[in-house]
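The values are calculated or read from the model by the stated rules, or taken from the named source; none is laboratory data. This one's a predicted model, so the numbers in the text were calculated from it and none came from an experiment. With ideal geometry, Cβ positions are generated from the backbone for all residues, glycine too; neighbour counts draw on all protein chains shown.
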Ligand SMILES: [Zn+2]
């Protein structure tokens, strides 16, 4: 079995520690170092958990020809970002494409230990979302449809039960009944890409909805001042909000205000990265979203305009760095929003540094203060997954 150790400053207590592991579990945590050298140590935290990853390295889970090998490639690639657990995310598409992707993901989880160890469940975002321009975001209108319990059951069958999060809009009649059936089946129901009114949102929460997906995005460009679905979801304590804090999707003042309104306990970070993550500026044809432009500043937009974002390209670690820059929240809180809190959404006790916890760890440095540009990503030095050192900066 893999064993090893790593030295760094804990992001939760700022204490310098040596963490040892064996057999996939943390076996010891001891204080090290004198105060003079501690400042030089890298940070050390639980492996990052990202509930919304559409693909990367040119590979999209919505690709009609998705293969198990591609699922494994994406799953392993995330180590460079410090991500040790994630939700492969499918966006609105035909039943044929969604069921193919879900069958492929399920068989990859069955056949590959590397995939099984990294996938925390599948996130299906759509197709039961708002059809209107704005809230629909980049999802293709022709595949948007009202909730259909029979279809959802067939999708969950194709996934061999691995669908863990379903993002939908509760604006359809009968949505509350649908939500309670999905929630009762053990799937986390998230509200997103919606124009639901106050009553519909309240009914959705009463029926078991627990999350708001990328709150503040997938919304109208212009909204009535109040009431509207942003205020309603901000005020709803039953909803944990996922936020894309890449410096493009939400202005810093909005991030700061959302954090204060929801409180950090009800916020998590997601990346929402797409297949174009890391590609050079230009126009790309994608499986799920049609033509997408990668702009010079790194933004991904629907081709031919500059407003409608088509997903993100920065990893979740950039969200941690930005959150510390944009808000009064400390590093420990920002890291919790990318570790223990998303783990709790998945019903896992992971995302904690303690003896007996899984040896999923990431060692990193924050970007230099005053780093130029809209966002500065973490400098990942090493990633440990299940006790195995799966990435290290010195070896790359
Ligand atoms: Zn979305």
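Surrounded by fewer than 18 Cβ atoms within 10 Å (Cβ to Cβ) and either in contact with a strand residue (DSSP E or B) (Cβ under 7 Å, 6 or more places away or on another chain) or under 19 Å from residue 60 (Cα atoms) (or both): does that describe residue 107? Judged against the criteria, residue 107 is a match. Residues of region 366-381 include at least one that is on the phi < 0 side of the Ramachandran plot, part of a loop (DSSP other than H, G, I, E, B) and in contact with a strand residue (DSSP E or B) (Cβ under 6 Å, 6 or more places away or on another chain). Applying the set (1) under 19 Å from residue 360 (Cβ atoms); (2) assigned to a helix (DSSP H, G or I); (3) touching a helix residue (DSSP H, G or I) at 6+ places or on another chain (Cβ under 7 Å) to residue 104 leaves exactly one unmet item: (1). Of all residue pairs spaced 6 or more apart or on separate chains, those with beta-carbon atoms under 6 Å, a first member in region 138-155 that is in the same structural domain as residue 304 (by TED's automatic domain parsing) and in contact (Cβ under 8 Å) with a residue 40 or more places away in the chain and a second member that is loosely packed, with under 15 Cβ neighbours inside 10 Å and not in a helix (DSSP H, G or I) are 143/94. Give me the residue from region 64-101 that is in contact with a strand residue (DSSP E or B) (Cβ under 8 Å, 6 or more places away or on another chain) and part of a loop (DSSP other than H, G, I, E, B) and, out of that set, nearest to residue 190 (Cα to Cα). Step by step, filter region 64-101, then rank; the result is 92. Considering the conditions (1) more than 21 Å from residue 367 (Cβ to Cβ); (2) free of Cβ contacts under 8 Å to residues at least 24 places away in the same chain, residue 296 is excluded by exactly one of them, (1). Among the residues examined, residue 62 qualifies as outside the structural domain of residue 377 (by TED's automatic domain parsing) and touching a helix residue (DSSP H, G or I) at 6+ places or on another chain (Cβ under 8 Å).
Listed here are the residues, each with its yes/no results for (1) under 20 Å from residue 269 (Cα atoms); (2) buried (at least 21 other Cβ atoms within 10 Å of the Cβ); (3) within 16 Å of the ligand (Cβ to nearest atom).
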{"site": "50", "(1), (2), (3)": "yes, yes, yes"}
{"site": "53", "(1), (2), (3)": "yes, yes, yes"}
{"site": "57", "(1), (2), (3)": "no, no, no"}
{"site": "61", "(1), (2), (3)": "no, yes, yes"}
{"site": "68", "(1), (2), (3)": "no, no, no"}
{"site": "72", "(1), (2), (3)": "no, no, no"}
{"site": "84", "(1), (2), (3)": "yes, yes, no"}
{"site": "87", "(1), (2), (3)": "yes, yes, yes"}
{"site": "100", "(1), (2), (3)": "no, no, no"}
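When each of 241, 291 is tested for being away from the ligand (no atom under 16 Å from the Cβ) and not in a loop (DSSP other than H, G, I, E, B), the lone residue that passes is 291.
Need pairs with beta-carbon distance below 6 Å; first residue touching a residue at least 40 places away in the same chain (Cβ under 8 Å) and within region 20-33, second surrounded by 14 or more Cβ atoms within 10 Å (Cβ to Cβ) and part of a loop (DSSP other than H, G, I, E, B); sequence gap 6+ or separate chains. Close Cβ pairs (under 6 Å, with a partner that is surrounded by 14 or more Cβ atoms within 10 Å (Cβ to Cβ) and part of a loop (DSSP other than H, G, I, E, B)) amount to 21/359; 21/387; 24/359; 24/386; 24/387; 25/359; 26/357; 26/359.
Taking residue 209, is it in contact with a strand residue (DSSP E or B) (Cβ under 7 Å, 6 or more places away or on another chain), within 23 Å of residue 164 (Cα to Cα), modelled with pLDDT under 95 and within 16 Å of the ligand (Cβ to nearest atom)?
no
Yes/no matrix, rows are residues, columns are (1) in a loop (DSSP other than H, G, I, E, B); (2) away from the ligand (no atom under 14 Å from the Cβ); (3) crowded, with 24+ Cβ neighbours inside 10 Å; (4) not assigned by TED's automatic domain parsing to the domain that holds residue 126:
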position: 199; (1), (2), (3), (4): no, yes, no, no
position: 202; (1), (2), (3), (4): no, yes, no, no
position: 221; (1), (2), (3), (4): yes, yes, no, no
position: 224; (1), (2), (3), (4): yes, yes, no, no
position: 237; (1), (2), (3), (4): yes, yes, no, no
position: 246; (1), (2), (3), (4): yes, no, yes, no
position: 256; (1), (2), (3), (4): no, yes, no, no
position: 265; (1), (2), (3), (4): no, yes, no, no
position: 271; (1), (2), (3), (4): yes, no, yes, no
